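Data block below; observations after.
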Amino acid sequence: MKNKQLQITLNKATRFWGLLFLFAVSTTMAFGQELAYWNPAGQTNYGVSPYAVTTANANLTVTGLTRGPGVTTINTAAADAWGGNGWFTPTADDYITWSMAANAGFQQSFTSITWRYRRSATGPSAGNLYYSIDGAANVLIGAMSFPSTGSGGAEASITLSGVAALQDVPENVVVRFYFFPSGATHAGGTFYVYNGGTNGLRVNGAIEPMAVGCTNPTGLVANNTTHETADLSWNTQVGVAGYEYVVDQIAADPTGSGTATTDTSYNAAGLTASANYYLHVRANCGGTFSSWVTIPFTTLVEPCDAPTGLAANNITHESADLAWNAQAGVAGYEYVVDQIATNPTGSGTAPTDTSYNATLLSPSTIYYLHVRTDCGSGNFSPWTTISFTTLVEPCDAPTGLVANNITHESADLAWNAQAGVFGYEYVVDQIATDPTGSGTATTDTSHNATLLSPSTTYYLHVRTDCGSGNFSPWTTISFNTLVEPCDAPTGLAANNIMHESADLGGNAQAGVAGY
């Protein structure tokens, strides 16, 4: 009988310890080990902020519970509790926060947060829990409910094991939690982390040494990129057998092997212009490989050849025929005509062909023709530039040339006046062709030519002076001087007159042919 009772007792004990073991296993699986614990026992007047962690895993760095700047701590507070009030009209500053980071050589995973709380009847009845990784934007984990208003407090929890970003968080990566209470019905409504005996706020999960494996390559870079090549390289690693690399246009990790090499550089050639590429590299540690490390790079646009054969023809004082050589396979060209020798800073005019008739130019002015090739999709060649100078403005030749009052040795010469000119130059000579040099300058429109030779053909040449060395062509007329006058004899006399004879005579004249 005693043996039977002993057996029953043993069976009960076995079942009890078995159930206890299963409970412990299931509890560990559900909640994980305790990573950090805040016990607000002994806190008064809402507690200090930040409130240091009570216990934490030795391989973690954990900050204290901190009230946001919008949380108030007015009126009477519950004992053995940490919190605040002022939750009635929530703002971005009304929160509770703390952070956790695994120390060097460790990684942390989060499974749950359990929270013994206490609140007043008008305090928050719910709230949202967020996390942030290394200062990035807050990410919502989920909502928590706090229905109880009892003075003894109650417990709430939220599961974190399904949040991928909170699993296997590497060393020195800071995970910050933010809790934003909501649902308060009065400005004085309170909300606390509460002791209630041996409780408070617990963060559960796992802290483990980081796996030692094949170290990922570092220092990936793409240099000297052209439209079809790039110099790719990465840092040397000690103790590796080599590397594998892949150059493709897929951002995701390669699904197979790459090209094996013991070098730490590769010159990629035959690439497509204006394309996005990815360099993937992994280390070969002798049978094991690191993870792929990837960087993007973009090839340059294909070079667009600058135009050639720029020319300015048929230049006048106000126009010029401009042209350049045609190029096959281009989208077109852009041109600019200005008085600036340097390249244009903006776009030019797109012509329909390879020529342009520039008009309304200023006389005697240096101009620049700039042309660049349009290869499409915003790809332009450098500008090519030539200069040209417009001619002086035409200077009208004088009109109305006339020779009046011509004698054997003089003539009155004249021509029409012209408005807006600086003056004239004239030459009187016996040569029918235009003078080869300058003439006599005058602002008059007449000239009395004297000391001419009788019975001689003369020429009056006149040109207009329009200033700055700008002269019109010569205008020419001819005129003939009269014959020289023949003086009548003088001193006629009759002497020694007889009945049948007389001596007749007169004065002699020099240079005459006779009488």
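The values are calculated or read from the model by the stated rules, or taken from the named source; none is laboratory data. Source: prediction; values computed, not measured. Every residue, glycine as well, gets a Cβ built from its backbone with ideal geometry; the counts of neighbours run over all protein chains shown. Keep in mind that these areas ignore ligands, DNA and RNA; they rest on the heavy atoms of the full protein, side chains included. Shrake-Rupley method; radii C 1.70, N 1.55, O 1.52, S 1.80 Å.
Give the residues of region 320-369 that are over 23 Å from GLU393 (Cα atoms) and of a type in the set (S, T, N, Q), sorted by residue number.
ASN325, GLN327, THR342, ASN343, THR345, SER347, THR349, THR352, THR354, SER355
Tally time: how many residues in region 386-423 are of a type in the set (Val, Ile, Thr), open to solvent by less than 50 Å² (accessible area, probe 1.4 Å) and under 30 Å from SER347 (Cα atoms)?
2
Can you tell me which residue among ALA508, ALA488 is open to solvent by less than 90 Å² (accessible area, probe 1.4 Å) and modelled with pLDDT under 90?
The match here is ALA488.
Look through region 322-352, keep the residues that are of a type in the set (A, V, I, L, M), part of a strand (DSSP E or B) and farther than 24 Å from VAL301 by Cα, and return whichever of them is least open to solvent (accessible area, probe 1.4 Å).
LEU322
Please pick out the residue among THR225, THR259, THR294 that is hydroxyl-bearing (Ser, Thr, Tyr), surrounded by fewer than 16 Cβ atoms within 10 Å (Cβ to Cβ) and at negative phi.
Result: THR259 is the single residue among THR225, THR259, THR294 that is hydroxyl-bearing (Ser, Thr, Tyr), surrounded by fewer than 16 Cβ atoms within 10 Å (Cβ to Cβ) and at negative phi.
Working carefully through the options GLY47, GLY86, find the one that is surrounded by 19 or more Cβ atoms within 10 Å (Cβ to Cβ), at pLDDT 90 or above and either within 19 Å of ALA126 (Cα to Cα) or under 44 Å from the mean Cα position of the chain (by Cα) (or both).
The match here is GLY86.
With aromatic (Phe, Trp, Tyr) and open to solvent by 50 Å² or more (accessible area, probe 1.4 Å) as the only criterion, which of PHE471, PHE479 stands out?
Testing whether each residue is aromatic (Phe, Trp, Tyr) and open to solvent by 50 Å² or more (accessible area, probe 1.4 Å) leaves just PHE471.
Can you name the residue in region 424-435 that is touching a Ser or Thr at 6+ places or on another chain (Cβ under 9 Å) and among the charged types (D, E, K, R) and, of all such residues, is most open to solvent (accessible area, probe 1.4 Å)?
ASP434
Name every residue in region 353-385 that is more than 16 Å from ILE340 (Cβ to Cβ), open to solvent by 50 Å² or more (accessible area, probe 1.4 Å) and not in a loop (DSSP other than H, G, I, E, B), in order of residue number.
Passing the criteria: SER355, TYR356, ASN357, PHE380.
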